[in-house]
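Visitor: Would you mind keeping the following structure in view while I ask a few things?
We did not get these values from a lab; they are worked out from the coordinates using the rules stated. Remember, it's a predicted structure, so these values are computed and weren't measured experimentally. Neighbour counts are summed over all protein chains in view; Cβ atoms, including those assigned to glycine, are modelled from backbone coordinates with ideal geometry.
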There are 2 protein chains.
Amino acid sequence: MSLRYALLGLLSQEAGSGYQLARRFEGGMGRYAWHAQQSQIYPEVNRLAADGLVSVVDEGPRHRRTYAITPAGREQLRRWLTDPDDTPIVRNEQILRLFLLPCLDREDARAVLRHQAAASLRELEALHATVGEVGSGTGGGPVPVDLLVAELGLRYFQHLHEWSLWALEQLDG
Amino acid sequence: MSLRYALLGLLSQEAGSGYQLARRFEGGMGRYAWHAQQSQIYPEVNRLAADGLVSVVDEGPRHRRTYAITPAGREQLRRWLTDPDDTPIVRNEQILRLFLLPCLDREDARAVLRHQAAASLRELEALHATVGEVGSGTGGGPVPVDLLVAELGLRYFQHLHEWSLWALEQLDG
DNA sequence: ATTTACATGTAAGACGTTACATGATTCT
DNA sequence: AGAATCATGTAACGTCTTACATGTAAAT
């Protein structure tokens, strides 16, 4: 069901086509929250439309249909977000690899850690660039929630990066 | 394919039955790396046995079969762990919720954050208890890789907890 | 004796991946 | 004209969830 709410969430922030949704999944959403393929998005957004949770608000060139969230969709989204469901499902291939580091000898573990340190640094820098854009669009008003969420991503990759370096030090020492 | 390697990894650290594997998934592995159900584990461990990557090393009471990783299994596991595959898949319902916080009004966002702060603190404390056990089993020798991985979990929930508190402050201020 | 925990499994349906199919518009 | 990008979709196959079925051994 999560894909549903991921899509509703994106559309609640800004209307868009299936294609645009797929592009937005390549950003932060798909990178560290919930991954989805294009071929999964199109059928799901159609189901959302059939269920009245989104509606077509524009038809453009190349058969493009722009969807927007409906009041019913907004209500369902709110219910899901505020419903305190513990035991949330986690599937993270990257963390799984790190979690299984004890299966390797020290030399292999070192190599994986070096690779991880470089990868998390790259992600961190890419996010820094994206967040720069978000931040520049705000005046001196109240803190936009977007910035809080961007900060969560930054901290995540920073903590991963710092742990990788620390773990390498422990192995080398 | 990740479930395969999660199981191979657990069995490479210690032989065990399907039931024991399911129990071990309830710990750190399933909580913040890769989730799996009991009904998924039994068929997969049988497939691993059919493929010669694990083998039955003991049969106990109540039809219990204890599996151990084979050399072929160890080799496949090593290859997967050291193969630098970027674009790893992430599906994290908890992070998705946080990522969609901008869809809520401030009052609802605050409630979700308060809930999140409490949940991550609970996880942190639970992990602290588990790590205490792991740490007590080691003499003064070289740093066991298990401890590095435990530290990763601790840092993850700590950073989540700290971010939740920080985000609440930003909203309140 | 009854309950709890151990132990393994299957079947139906939902969800997700890979690969392919099709065509429109813009850019060079 | 040709290439790149925009745009939507389907079919086959693999993975995961939910719910059920079955029985054994230990604990109270």
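Visitor: If a paramagnetic tag sat 7 Å from the Cα of A:Thr82 along the Cα-Cβ line, which residues of segment B:101-128 would have the backbone N under 13 Å from that point?
Guide: B:103-113
Visitor: So what are the radius of gyration and Dmax for the Cα set of segment A:19-168, in Å?
Guide: 19.5, 57
Visitor: Report, for A:Arg155, each distance to the same residue's label point in the other copies, shortest first and in nm; define the point 7 Å along Cα→Cβ.
Guide: Distances between equivalent label points, in nm: 1.5.
Visitor: A further question on this structure: Expressed as an acute angle from 0 to 90° and rounded to the nearest 10, what is the orientation of the C-alpha long axis of helix B:106-136 relative to the principal long axis of chain B?
Guide: For helix B:106-136, the angle is close to 40 degrees.
Visitor: Once you keep just the Cα pairs under 8 angstrom separated by 6 or more residues, what percentage relative contact order results for chain B?
Guide: Working: 135 pairs, mean separation 33.6, N = 173.
Relative contact order of chain B: 19 percent.
Visitor: Moving on. Taking a label point 7 Å from Cα toward Cβ, how far is A:Gln170 from its twins in the other copies, in nm, shortest first?
Guide: 2.9
Visitor: Still on this structure, please answer the following. Subtract the Cα-Cα distance of A:Leu121 and A:Leu147 from 0.36 nm times their separation in residues, and report this length gain in nm to one decimal. It would help to have the intermediate numbers written out before the result.
Guide: Values: separation 26, 0.36 × 26 = 9.36 nm, distance 2.00 nm.
Between A:Leu121 and A:Leu147, full extension yields 7.4 nm more.
Visitor: In addition: If I fit a long axis through the Cα atoms of helix A:2-13 and take the longest principal axis of the Cα atoms of chain A, what angle between them do I get, 0 to 90°, rounded to 10?
Guide: In chain A, helix A:2-13 runs at an angle near 70 degrees to the longest axis.
Visitor: Here is a follow-up. Under the Kirkwood approximation applied to all pairs of distinct alpha-carbon atoms, what is the hydrodynamic radius of segment A:93-172 in Å? Present the calculation step by step, with values, prior to reporting the outcome.
Guide: Details: mean 1/r = 0.0706 Å⁻¹.
Hydrodynamic radius (Kirkwood, Cα only) of segment A:93-172 equals 14.2 Å.
Visitor: To continue, here is another question. Could you tell me how many degrees, from 0 to 90 and to the nearest 10, lie between the Cα long axis of helix A:71-82 and the main elongation axis, the longest principal axis, of the Cα atoms of chain A?
Guide: Around 30 degrees separate the two axes.
Visitor: Would you be so kind as to identify which of A:His35, A:Pro71, A:Leu104 lies farthest towards the positive end of the dipole of chain A, taking Lys and Arg as +1 and Asp and Glu as -1 on Cβ and the Cα centre as origin?
Guide: With unit charges placed on the Cβ atoms, the residue in question is A:Pro71.
Visitor: Based on the alpha-carbon gyration tensor of the protein assembly as shown, what equivalent-ellipsoid semi-axes (square roots of 5 times the eigenvalues) come out, in whole Å, largest first? Present the calculation step by step, with values, prior to reporting the outcome.
Guide: Values: eigenvalues 283, 120, 74 Å².
Each semi-axis is the square root of five times an eigenvalue, giving 38, 25, 19 Å.
Visitor: Averaged over its residues, how many other protein chain Cβ atoms are within 10 Å of peptide A:12-20's Cβ atoms?
Guide: On the way: counts 4, 3, 0, 0, 0, 0, 0, 0, 0.
Counting Cβ atoms of other protein chains within 10 Å of each residue's Cβ and averaging gives 1.
Visitor: Now for a different question. So the label point sits 7 Å from Cα along the Cα-to-Cβ vector; using that for B:Glu75, what distances do you get to the other copies, in nanometres, sorted shortest first?
Guide: 6.1
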